[in-house]
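Colleague: Starting off with a structure, shown below.
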Amino acid sequence: MLDQTFSVTFWGVRGGYPKPGPTTIKFGGNTTCLEIRAGPHLIIVDAGTGIIGLGEKLVAQHLATGKPIVAMILFTHTHHDHTHGFPFFTPAYLGSSVLHIFGPKLLHQGLEEVLASAMLPPLYPVRLDEMSSMRVIRNVSENEIITCDAAGGSPQARNVYHEREAHGQGQVKVRIMRSYAHPQGIFIYRIELGGKKLVVATDVEGYAGGDKRLIKFAQGADLLIHDAEYTAEEYLNGSPPKQGWGHSTWEMAVEAAQAAGAKKLALVHHSVHHDDTFMEGMERQAQARFPAAIVAREGLTLDVKA
Ligand SMILES: [Zn+2]
Ligand SMILES: [Zn+2]
């Protein structure tokens, strides 16, 4: 019997920096991290501070079952709010853990180099190469597709032109779109399993008339997770205006979901300046335009298939 689990749990939904405290209790203060369960595979997107709680849960499960932690980590990019939880991801310190880490090469620096540079004394006591886990860190490009087979084997990255060599029932496929709508660029990921599609598009700014490449990439997505850091008022008339900062308004996210024919939309990368009351209001406004929209909150799990 094939494992057809396909779900996403939000461990961090905040952008910029962590914002704990009484004003963010409902939606959460941790920065970006998603736990995706696709068949037997665990796929983690980004390592903001949300990954710390996820790591603690994985270690508790490991101690209870004795099973090693095996995960794929996909980085959208390496800005602090997407990487600063990684040094505190406890599974990386266990010798039995296996981490397959993929992400973009930006500004002539490889992903491994960037992660290592954030873990150097005097900024941090343990170097990346001193973590006990087995790590395979690989830069990928949008010409590549990452596949994982139904039996739970290691992920393989190959050129999309050789995609036909990657087949098999229950296979998970990860496709990449390089977006330039954020400083230094980012990766948008499309994860596919059993004909269902989950698209993660955080840290993207909408374009006039919509981001046509993204709309095509996310066409028919069962769930689109999209940046919605600003309101239109903040974007256009904020002090200073936020145009060109690499983030979207919730209206841009709704327009992208509608144009792509997405079945559900989850808004993420919440501004540190928006408290719970504000976010609830934003959710009502977004739902008036797109009923299947939700504002993602920490701890929420969505079934991609539903
Ligand atoms: Zn960010
Ligand atoms: Zn960023």
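Coordinate-derived values only; no laboratory data. Small disclaimer: the values here were computed from a predicted structure and weren't measured. Here the Cβ positions follow ideal geometry from the backbone for every residue, glycine too, while neighbour counts run over all protein chains shown.
Colleague: Assign one of three labels to the range 50-163, namely rounded, prolate or oblate, based on the Cα gyration tensor with a ≥ b ≥ c the square roots of its eigenvalues; rounded applies when a/c is under 1.5, prolate when it is not and a/b is larger than b/c, and oblate otherwise. Could you put the intermediate results ahead of the total?
Modeller: Working: a/c = 2.09, a/b = 1.10, b/c = 1.90.
Taking the square roots of the gyration eigenvalues as a ≥ b ≥ c, the range 50-163 is oblate.
Colleague: Another question, if that's okay. Taking a cut-off of 35 Å, what percent of all Cα-Cα pairs in the chain are separated by more than that?
Modeller: Summing the P(r) of the chain above 35 Å gives 14 percent of all pairs.
Colleague: Moving to a separate point now. So what are the ³J(HN,Hα) numbers for the range 279-288, from phi and the Karplus equation (6.51, -1.76, 1.60; θ = phi - 60°), rounded to whole Hz, Gly and Pro as x?
Modeller: Ordered by residue, 3J(HN,Hα) equals 5, 5, x, 4, 5, 5, 5, 5, 5, 5 Hz.
Colleague: Continuing with this model, one more query. Within the range 123-222, which chymotrypsin sites (Phe, Trp or Tyr not before Pro) sit in a loop by DSSP and count at most 16 neighbouring Cβ atoms inside 10 Å?
Modeller: On the way: sites: Y161, Y180, F187, Y189, Y207, F217; in loops: Y180, Y207.
In loop regions of the range 123-222 (DSSP not H, G, I, E or B), the sparsely surrounded chymotrypsin sites (Phe, Trp or Tyr not before Pro) are Y180, Y207.
Colleague: OK, next. Past 19 Å, Cα to Cα, is the threshold; run K196/K263; K197/K242; K57/K305 against it and keep the listed order.
Modeller: Exceeds cut-off: K197/K242; K57/K305.
Colleague: If amide hydrogens are placed 1.01 Å from N in the peptide plane, which non-local residues have theirs closer than 5 Å to the one on A181?
Modeller: Answer set, sorted by chain and number: I186, E205.
Colleague: Let me ask something else about it. I'd like the distance separating the alpha-carbon centroids of the range 1-73 and the range 203-275, in whole Å.
Modeller: 23 Å
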